[in-house]
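A short write-up of the structure that comes next.
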Amino acid sequence: IAKATDKYIMPSRTGIEFVDMASKDWEIHHWVRGGCLYGVMPCNGLTYAPPHNCACYPEAKLYGFNALAPEPADPSDIAPDPIAERLEKGSAYGAVPTDRAESEDDWPTYRHDNTRSGATGHRVDAAKLKSSWTADLGGRLSSVVIADGLAFVAQIDQHTVHALDARSGEKVWSFTAGGRVDSPPTIHHGAAIFGSADGWIYCLRATDGELAWRFRAAPQDRRMMAFEQLESTWPVHGNVLIENGVIYAVAGRSNFLDGGLRMYRIAPKTGEVIGETTIDDKDPETGENIQNRLQTLQMPVGLPDILSASGGYVYMKSQQFDLDGNRLNIGPNSGDAPTNAAVQAGDGRHLFAPMSFLDQEWFHRSYWVYGKSFSGGHNGYYQAAKNTPGGRIIVFDDQKVYGFGRKPEYLKWTTTMEHQLFSAPIEAPEGALSPADITDKDTRRGNAPEAPKGKGKAKGKGKAKSASGASMITFEKAASLDPSGKALAIEAWVKADGKDGVIVSRGGPNAGFALFEQAGKPAFAVRVKKEVSQVGAQQPLNRDWNHLVGVLTQDATLKLYVNGRLAIEGPSKNGLIDVDPAQLLEIGVDQSGSVGDYPQTFAFQGLIDEVKLHVGELSDAEIAASAAGEPAAPANAQTVLSLSFDEGDAQDASGQQNHGTLSGAVTPVKEGRRGGAMEFAGGGKGGNAGPAGTLVQFNWTQDIPLIARAMVKTGDAIFVAGPPDVMNEEETFQELVEGDPEVRKLLAEQDAALAGERGAILRAVNAADGATIQDIELPCPPAWDAMAAAGGRLFLTTTDGKVMCFGQ
């Protein structure tokens, strides 16, 4: 919504813009805006930008409620004080035992190491884990770091860092800074080093908390109110990066505010500044406004975060720096959101959080990424997870990424959301792009993980990457494919190479139908009101061509025909399919939710030909004629899908224009039952992925009964903790639609769990397959990303201000 003043018109859709009608000058500020339906408010000589629920420019746009003033007329008003005057020496200066090296079994920094892996190679015995001690500090706590027999934690809003005895939980010392400390210190050679919202970087002697030195990273000692406390205009995150013996830290709120961000390189022993880089609104390569790089809803990184390091580079979110603090490979890659987020391959893959490692709000457009790029906008936020592992929280080792994230079919614009615990390869998936693959004209619209609707819908020749490696053909929803309240028949010729797999499916856990092979035998299933009814032949299929027909009659009888003969029949327990399933029609898999009694995906391996879907009933004679190679138009049914595959595509010959899109390793072959056929390579490893899901091929996935807020990997185990997840959102949404009054109780129970009123679950799983090792009940949910492991023990902080330790 646009606003205006005496001098300016202020459009504010993608950012605040100032249009001076007199001078005909137009200045953009796309790094700040309010919500789409309100915009901003100019008043009192300030511009007020209220909170937004937007994913545009996620790595650059301000968050929260901001009041912005014009920049000072006199540049000297924001000129930095001399660096030498900003270093203060404490009583422990020069007396920190710098020869003390951290043990390999320590957890000396945020998320264990500079890559922020959240993983240690040292084992914690997950099967024998039990509570050792609890320390009640109160208030909002950071995660814990552990070194030299001490556990260090920040009491965030009290500006205090505590050191506890790691064996007993007894407090050893406390130190209070001048502002919030939002994350734990880094322990380096006997020193505890951290930043604060007061703009200072502190170095304490780790054994007793005595100040060695502090350096004011804020260029001036200016204060402002921020989130109900007094802070520096240039705050510093608590955890600092120490790479190759050099401290890296960033002060500031945005590269567009108050002269920009300052990245410092500091000597840990002395506090002396080795180098300083200003990250402001000037492009370091051209000297022009950095917003000249803006493409659609993509912009270079402009917000600070906890830094990471990997492969000889330093990272702030997705932005890469060399070790001298120079920005490299400044984004975006493309103005096309799918293309921009597809750039995940090549050097520079690392873990980053577009909305900040410390963001715990569970904004539905926010998640972590192990890769290189992230796209903004309503059509961009979900694209990264289509091309590389993404999740609410992630840990990784040198071979695999483990995470808790949205199931791929829920990445894009879904009312419901379901999550899974997963393991995936650390390498970029096949199909992800590298920067060298991008040209000025290149977009991902014709080569995305989801096939282009234009091609698939119009001609039946769309080709896309499969969501989890499975080969399949998918069809867009259409009124003609709606099975609700109708008799139907699904037929296909199959020549199976394997003994299991879905031939044709439509539906999921609430409603649908499926024709499939299980243990070498054909079967037909329908699901009505969440309950499955299934019939299966007694005899296995031969290894040659077989004609299969699954029939649901108007009187709700299931029939399965094999090679023209009725093999078995039985009742549909709840009658005809009552709703149009939310899931797409698929050939070769059931990736959107199992209709029958089989695991998800359940990919078919072999040849499929002559697939037809009829709405209405087929007679025994019509089915026998079709099996004999003499098909005719049915008398009491309408054919709404007819696929011959003779032209090497999935073009529908029924006249209903239900053309399909090929995904994964689906190969047209000439040796069909009649003419051409499609060969399905199988694949897929049980990942809960929809056809518009992800290129990531999961090693395993698991549904878990909790909503993860903390996660670590230790040796061969994954520990994940969070409040209980007590509802299935698909089922709950359906109950809401149906007006079931009982669903309100379930919603209230889930709300109470999220509020911390139902405790939490700490689950240990096997890293190799996700199998559960042990569940431990917790009295309170963990603080965000607040788990660590050292010395064979597990440490976590809770939302009610406690530090907990678990050992044997």
Consider segment 251-303. How many of its residues are out of contact with any strand residue (DSSP E or B) (no Cβ under 8 Å at 6 or more places or on another chain), assigned to a helix (DSSP H, G or I) and within 17 Å of residue 316 (Cβ to Cβ)?
1
From the option list 529, 495, 559, 521, single residue qualifying as among the charged types (D, E, K, R), at pLDDT below 95 and touching a Gly at 6+ places or on another chain (Cβ under 9 Å) is 529
If you go through segment 642-663 one residue at a time, how many are touching a residue at least 12 places away in the same chain (Cβ under 8 Å), part of a loop (DSSP other than H, G, I, E, B), under 16 Å from residue 677 (Cα atoms) and touching a strand residue (DSSP E or B) at 6+ places or on another chain (Cβ under 7 Å)?
5
Could you grab me the full set of residues in segment 364-386 that are of a type outside the set (Gly, Ala, Ser) and within 11 Å of the chain's Cα centre (by Cα)?
364, 365, 367, 368, 369, 370, 374, 381, 382, 383, 386
With the first residue restricted to segment 153-174 and required to be farther than 22 Å from residue 131 by Cα and β-branched (Val, Ile, Thr), and the second required to be modelled with pLDDT of 95 or more and surrounded by fewer than 19 Cβ atoms within 10 Å (Cβ to Cβ), Cβ contacts under 6 Å at 6 or more apart or on different chains are 156/140; 160/174; 160/176
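Given the structure, is residue 192 crowded, with 24+ Cβ neighbours inside 10 Å and without any contact (Cβ under 8 Å) to a residue 40 or more places away in the chain?
no
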Scanning segment 5-57 for residues that are touching a residue at least 24 places away in the same chain (Cβ under 8 Å) and loosely packed, with under 13 Cβ neighbours inside 10 Å, the one nearest to residue 359 (Cα to Cα) turns out to be 53
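One line per residue, one yes/no per condition, for (1) more than 36 Å from the chain's Cα centre (by Cα); (2) at pLDDT below 95; (3) not hydroxyl-bearing (Ser, Thr, Tyr); (4) not assigned by TED's automatic domain parsing to the domain that holds residue 487:
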position: 649; (1), (2), (3), (4): no, yes, yes, no
position: 654; (1), (2), (3), (4): yes, no, no, no
position: 667; (1), (2), (3), (4): no, yes, no, no
position: 675; (1), (2), (3), (4): yes, yes, yes, no
Among the numbered conditions (1) within 24 Å of residue 118 (Cα to Cα); (2) in a loop (DSSP other than H, G, I, E, B), tell me where residue 378 comes up short.
(1)
Please verify whether segment 294-302 includes one or more residues that are modelled with pLDDT under 95 and β-branched (Val, Ile, Thr).
yes
The correct count of residues that are part of a strand (DSSP E or B), over 33 Å from the mean Cα position of the chain (by Cα) and charged (D, E, K, R) in segment 207-250 is 3
Conditions (1) in contact with a Ser or Thr (Cβ under 9 Å, 6 or more places away or on another chain); (2) surrounded by 20 or more Cβ atoms within 10 Å (Cβ to Cβ); (3) among the polar types (S, T, N, Q): number failed by residue 557:
(2)
When you scan segment 624-644, do you find a residue that is at pLDDT 95 or above and of a type in the set (Asp, Glu), even just one?
no
Flag if residue 610 is assigned to a helix (DSSP H, G or I) and in the same structural domain as residue 491 (by TED's automatic domain parsing):
no
Is it true that some residue in segment 188-196 is closer than 16 Å to residue 307 by Cβ, modelled with pLDDT of 95 or more and aliphatic (A, V, I, L, M)?
yes
Scanning segment 227-250 residue by residue, the ones that are surrounded by fewer than 19 Cβ atoms within 10 Å (Cβ to Cβ), in contact with a strand residue (DSSP E or B) (Cβ under 9 Å, 6 or more places away or on another chain) and over 25 Å from residue 113 (Cα atoms) total 1
Looking at segment 664-675, which of its residues are crowded, with 16+ Cβ neighbours inside 10 Å and in a strand (DSSP E or B)?
666, 668
Within segment 761-790, the count of residues that are more than 15 Å from residue 701 (Cβ to Cβ) and surrounded by fewer than 16 Cβ atoms within 10 Å (Cβ to Cβ) comes to 3
Quick check on segment 93-104. Is at least one of its residues of a type in the set (Val, Ile, Thr) and over 30 Å from residue 374 (Cα atoms)?
yes
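Considering 576, 548, 566, which residue is in the same structural domain as residue 532 (by TED's automatic domain parsing) and buried (at least 24 other Cβ atoms within 10 Å of the Cβ)?
Matching residue, one of 576, 548, 566: 548.
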Yes or no: residue 168 among the polar types (S, T, N, Q), over 22 Å from residue 241 (Cβ atoms), surrounded by fewer than 24 Cβ atoms within 10 Å (Cβ to Cβ) and modelled with pLDDT of 95 or more?
yes
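The values are calculated or read from the model by the stated rules, or taken from the named source; none is laboratory data. Not measured: the values here are computed from a predicted model. Virtual Cβ from ideal backbone geometry, glycine too; neighbours counted across all protein chains shown.
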